[in-house]
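S.K.: Please find one structure pasted underneath; my questions will follow.
The values are calculated or read from the model by the stated rules, or taken from the named source; none is laboratory data. In this text the structure is predicted, and so the values were computed from the model without any measurement. Here Cβ is always computed from backbone atoms with ideal geometry, including for glycine, and neighbour counts include all displayed protein chains.
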Amino acid sequence: MSINPFLDYIYLEKKCSEHTLKAYRSDIEEYKLFIEKQEGESDLIGVSYGEIRTWIVDLIQKKNSTRTVNRKISVLRSYYKYLMKIGSLEVSPLKEHKALKMASKVQLPFSVEEVNSVLNSEFFPDTYKGELQKTILALFYYTGVRRSELISLTLSNVDLSKDLIKVLGKRNKERLIPLLPEMKKLLFQLLSFQKKLSIDRKNNLFFITEKGKELSESFVYKTVNDYFGNVSTKTKKSPHVLRHSFATHLLDQGADLNAIKDLLGHSSIAATQHYTHSSMAKIKEIYKSAHPREKSK
């Protein structure tokens with residue numbers, strides 16, 4: 001049975017992104033290939049939970065992380081729910097499956113000093129690439145956007161006259177994010193640089209290469225990793241860590257959690273509360289200094 005109708009369904013009905021669609025296709029095709037090798041057939045409808053368990057064991061033996069295995073199984077669960085929805089299956093083979101337990105892991109954000117060391121530095125060459133990379137890093141930290149949102153930001157969704165950008169997030173949900181003067185200045189300078197070089201733009205994207213093409217995910221990731229590698233010894237140096245830093249530093253300064261939730265584009269406050277873990281020291285400090293019983297001592 002072809003998986004294309006399912007992929008069309010999650011793209012058109014569930015409004016998933018191109019990136020998510022690509023990941024779903026990859027995970028299901030990987031699973032399908034495993035079943036074909038093990039059972040000699042490509043029909044996924046008749047697969048038992050025992051066969052899926054064999055796949056899970058194989059994934060673990062190949063050193064996939066618990067998070068990765070759980071993600072792949074979540075994709076598979078969605079696929080079987082779709083088959084039930086269209087009447088091709090009565091009961092999902094994953095009905096009784098429970099996600100693998102994950103070790104609690106708090107991701108450390110960059111410090112304010114580390115971020116300032118990069119954004120105020122002389123690391124950036126006086127070239128289009130240097131201007132592009134500095135603007136990319138600044139937008140992550142000033143707005144908390146996701147990597148996919150930055151790459152897909154269009155010219156029409158950057159309104160410098162109103163100090164706003166419109167971001168297309170997960171499930172095609174739009175949100176407006178205000179621009180601080182420094183961020184607005186950097187965006188304007190990058191636009192001016194593009195016009196000065198008369199870049200032959202191949203699309204309507206705001207962030208483009210010197211050849212006018214869309215930025216690759218690896219280029220954006222490498223930009224963060226390379227520049228923060230100059231100032232930080234943290235193991236993880238990625239766009240998501242910069243997004244994490246944006247939220248954490250706002251919390252540290254007393255920003256409202258619901259406001260941060262809206263800026264990040266989270267659908268629930270539970271997702272935003274994840275960032276309170278790394279702010280706990282600051283929260284304790286504020287609590288201790290503000291509580292009337294502590295102040296009276």
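S.K.: So, in the range 5-38, exactly how many residues are within 20 Å of Glu217 (Cα to Cα), surrounded by fewer than 16 Cβ atoms within 10 Å (Cβ to Cβ) and in contact (Cβ under 8 Å) with a residue 24 or more places away in the chain?
M.R.: 2
S.K.: Got a number for residues in the range 110-143 being assigned to a loop (DSSP other than H, G, I, E, B), more than 18 Å from the chain's Cα centre (by Cα) and crowded, with 18+ Cβ neighbours inside 10 Å?
M.R.: Qualifying residue count, the range 110-143: 0.
S.K.: Give Glu90, Glu122, Glu96 a once-over and let me know the one that is touching a residue at least 24 places away in the same chain (Cβ under 8 Å) and either under 26 Å from Leu44 (Cβ atoms) or not aliphatic (A, V, I, L, M) (or both).
M.R.: Result of the check over Glu90, Glu122, Glu96: Glu96.
S.K.: Which condition number in (1) within 14 Å of Leu100 (Cβ to Cβ); (2) outside any helix (DSSP H, G or I) is the one that Ile45 fails?
M.R.: (1)
S.K.: Are there any helices (runs of 4 or more DSSP H) wholly within the range 184-297 with 2 or more residues that are modelled with pLDDT of 95 or more and not assigned by TED's automatic domain parsing to the domain that holds Ser152, and if so which?
M.R.: Result: empty, no element qualifies.
S.K.: Among what's in the range 172-195 and is among the charged types (D, E, K, R) and touching a helix residue (DSSP H, G or I) at 6+ places or on another chain (Cβ under 9 Å), pick the residue that is nearest to Gly130 (Cα to Cα).
M.R.: Glu182
S.K.: Right, here's the next one. Looking only at residues in the range 43-85 that are surrounded by fewer than 11 Cβ atoms within 10 Å (Cβ to Cβ) and in contact (Cβ under 8 Å) with a residue 12 or more places away in the chain, which one is nearest to Ser26 (Cα to Cα)?
M.R.: Filtering the range 43-85 for residues that are surrounded by fewer than 11 Cβ atoms within 10 Å (Cβ to Cβ) and in contact (Cβ under 8 Å) with a residue 12 or more places away in the chain, the one nearest to Ser26 (Cα to Cα) comes out as Ile45.
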